[in-house]
Amino acid sequence: MTSAIGSAILSIKPLPPGPMPTLDPFLFCVYHKDQYPPGNANMEAPRMGDGSDFDPKAAYRMYHGETVPGFPQHPHRGFETITATIDGIIDHADSVGNAGRYGMGDVQWMTAGKGCVHSEMFPLIEQNRDNPMRFFQIWLNLPSRNKMVDPGFAMFWADSVPKYISDDEKSSVTVWAGSYFGVKSNNPPPSASWASDPRNDVAVLHMTLQPGGKLTLPVARGGPEINRSLFYIEGDSNAVKVDGREIAQQVVIHVKADRDLQLEISESAKTPGQFLMLQGRPINEPVAQHGPFVMNSRAEIQQAFEDYQRTQFGGWPWPRDDMVFAKEKSRFAKLNGTETFPADATCSLRNN
């Protein structure tokens with residue numbers, strides 16, 4: 001579906017299962033939603049993974065994990081990942097020696113740069129109740145000048161992530177990056193990130209509309225030069241209107257960034273409507289991608305494979321490929337040998 005005359009909507013397309021298509025400067029986005037059952041004493045799921053469990057119709061997926069769901073050690077080069085959590089816990093370990101346990105609204109911003117191996121595992125902390133998991137992982141490209149920077153990550157704890165709430169409390173916007181009507185992210189992106197330059201107007205917003213709720217997306221600072229996409233992730237089909245048009249569930253909507261955009265949901269909607277919004281100035285450079293590597297040419301991709309085979313990007317310093325931390329360990333971030341904790345680190349690991 002293409003834009004009608006006078007409409008802010010450029011196109012509406014159904015979302016495929018798995019990775020969702022994005023516009024430059026983003027590479028793709030995945031919405032993980034898994035209803036994990038209670039875990040055992042080792043935080044494991046009750047069934048074994050087969051090494052590639054991505055069934056979109058299943059209640060939960062093991063992904064590449066065998067006993068603990070998740071993604072055992074694997075390499076990256078040339079881009080960043082923004083992992084924005086809603087429910088559940090993620091254990092991170094990497095070849096630099098950094099590590100973390102985060103979730104329940106925390107955000108991890110990882111720069112793969114010249115090369116990093118990491119694992120992302122989903123330990124089933126709770127033994128007496130389910131372990132629901134919901135998060136977005138967004139791949140943000142790096143400009144060519146920064147693709148070979150040193151790897152690292154920043155952790156933004158949930159209590160530092162700002163949220164806009166409408167006057168009638170029927171709508172909210174969680175600001176993972178950028179700003180929304182004066183509510184600005186308190187957490188600066190890594191210095192090498194395309195998002196670190198305000199002129200690039202990068203924003204990542206999670207928007208929730210309760211029945212009867214309304215939101216307005218204002219004109220982007222960069223106007224028509226900015227790419228802007230909306231992903232309708234959760235909610236009733238045809239209960240939501242975008243720019244006056246009824247929208248089916250599970251679609252991506254590319255819109256004009258130089259136009260205000262109205263979102264509203266019917267009073268009769270049975271469930272809240274949830275959107276992810278991604279926007280930013282395009283990098284406008286060639287993209288060569290093969291698996292976990294994103295560079296600017298096929299020769300650079302080949303070099304990435306050769307470098308990884310030769311160096312393993314520093315090697316794997318952890319005792320297991322699917323590294324998980326002790327069950328009793330609270331949320332933490334270990335960077336350059338120093339551990340930090342959120343203010344509520346002693347609270348339950350579940351987002352009640």
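Given the condition among the charged types (D, E, K, R), within 30 Å of G78 (Cβ to Cβ) and assigned to a strand (DSSP E or B), answer yes or no: does some residue in the range 112-134 qualify?
yes
If you scan the range 310-335, which residues turn out to be under 19 Å from G88 (Cα atoms) and free of Cβ contacts under 8 Å to residues at least 60 places away in the same chain?
Selection gives A326, E328.
Filter the range 43-80 down to residues that are assigned to a loop (DSSP other than H, G, I, E, B) and among the aromatic types (F, W, Y) and give me whichever is surrounded by the most Cβ atoms within 10 Å (Cβ to Cβ).
Applying the filter and picking the extreme gives Y60.
Would you be able to tell me the number of residues in the range 98-120 that are crowded, with 20+ Cβ neighbours inside 10 Å and over 20 Å from T340 (Cα atoms)?
5
In the range 81-97, which residue that is among the small types (G, A, S) and part of a loop (DSSP other than H, G, I, E, B) is surrounded by the fewest Cβ atoms within 10 Å (Cβ to Cβ)?
Within the range 81-97, the match that is surrounded by the fewest Cβ atoms within 10 Å (Cβ to Cβ) is G97.
Restrict the check to the range 13-29 and report whether at least one residue is part of a strand (DSSP E or B), charged (D, E, K, R) and free of Cβ contacts under 8 Å to residues at least 60 places away in the same chain.
No, the range 13-29 contains no residue that is part of a strand (DSSP E or B), charged (D, E, K, R) and free of Cβ contacts under 8 Å to residues at least 60 places away in the same chain.
If we keep just the residues of the range 136-177 that are part of a loop (DSSP other than H, G, I, E, B) and among the hydrophobic types (A, V, I, L, M, F, W, C), which is surrounded by the most Cβ atoms within 10 Å (Cβ to Cβ)?
Looking at the filtered set, the residue picked out is L142.
From F136, F26, F122, grab the single residue that is of a type in the set (F, W, Y) and touching a Pro at 6+ places or on another chain (Cβ under 8 Å).
Selected residue: F122, the only one of F136, F26, F122 that is of a type in the set (F, W, Y) and touching a Pro at 6+ places or on another chain (Cβ under 8 Å).
S268 versus (1) assigned by TED's automatic domain parsing to the domain that holds P190; (2) surrounded by 13 or more Cβ atoms within 10 Å (Cβ to Cβ): which is the lone unmet condition?
If we test S268 against (1) assigned by TED's automatic domain parsing to the domain that holds P190; (2) surrounded by 13 or more Cβ atoms within 10 Å (Cβ to Cβ), just (2) comes out false.
Out of N284, N296, N227, report the one residue that is more than 30 Å from A41 (Cβ to Cβ), touching a residue at least 60 places away in the same chain (Cβ under 8 Å) and out of contact with any strand residue (DSSP E or B) (no Cβ under 7 Å at 6 or more places or on another chain).
From the options N284, N296, N227, the qualifying one is N284.
Quick test for you: out of I86, I90, I5, pick the one residue that is modelled with pLDDT of 95 or more, closer than 28 Å to A248 by Cβ and not polar (S, T, N, Q).
Of I86, I90, I5, the one residue that is modelled with pLDDT of 95 or more, closer than 28 Å to A248 by Cβ and not polar (S, T, N, Q) is I86.
Any chance you could count how many residues in the range 247-262 are in contact (Cβ under 8 Å) with a residue 60 or more places away in the chain, among the aliphatic types (A, V, I, L, M) and over 23 Å from G18 (Cα atoms)?
1
Residues F275, F313: which one is of a type in the set (F, W, Y), surrounded by 15 or more Cβ atoms within 10 Å (Cβ to Cβ) and in contact with a Cys (Cβ under 8 Å, 6 or more places away or on another chain)?
F313
Specify which of the listed residues (H118, H92, H76) is within 17 Å of the chain's Cα centre (by Cα) and closer than 23 Å to V161 by Cα.
H92
Between V252, V204, V240, V219, which is surrounded by fewer than 19 Cβ atoms within 10 Å (Cβ to Cβ), closer than 29 Å to A158 by Cα and of a type in the set (A, V, I, L, M, F, W, C)?
Among V252, V204, V240, V219, only V219 is surrounded by fewer than 19 Cβ atoms within 10 Å (Cβ to Cβ), closer than 29 Å to A158 by Cα and of a type in the set (A, V, I, L, M, F, W, C).
To keep it simple, each residue is scored yes or no on (1) within 24 Å of the chain's Cα centre (by Cα); (2) of a type in the set (G, A, S); (3) modelled with pLDDT under 95; (4) in a helix (DSSP H, G or I).
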site: A299; (1), (2), (3), (4): no, yes, no, yes
site: Q302; (1), (2), (3), (4): no, no, no, yes
site: Q312; (1), (2), (3), (4): no, no, no, yes
site: D322; (1), (2), (3), (4): yes, no, no, no
site: A326; (1), (2), (3), (4): no, yes, no, no
site: N351; (1), (2), (3), (4): yes, no, yes, no
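The values are calculated or read from the model by the stated rules, or taken from the named source; none is laboratory data. The structure displayed is predicted, hence computed values, not measured ones. Counting neighbours? That spans all protein chains shown, and the Cβs are built from the backbone with ideal geometry, glycine included.
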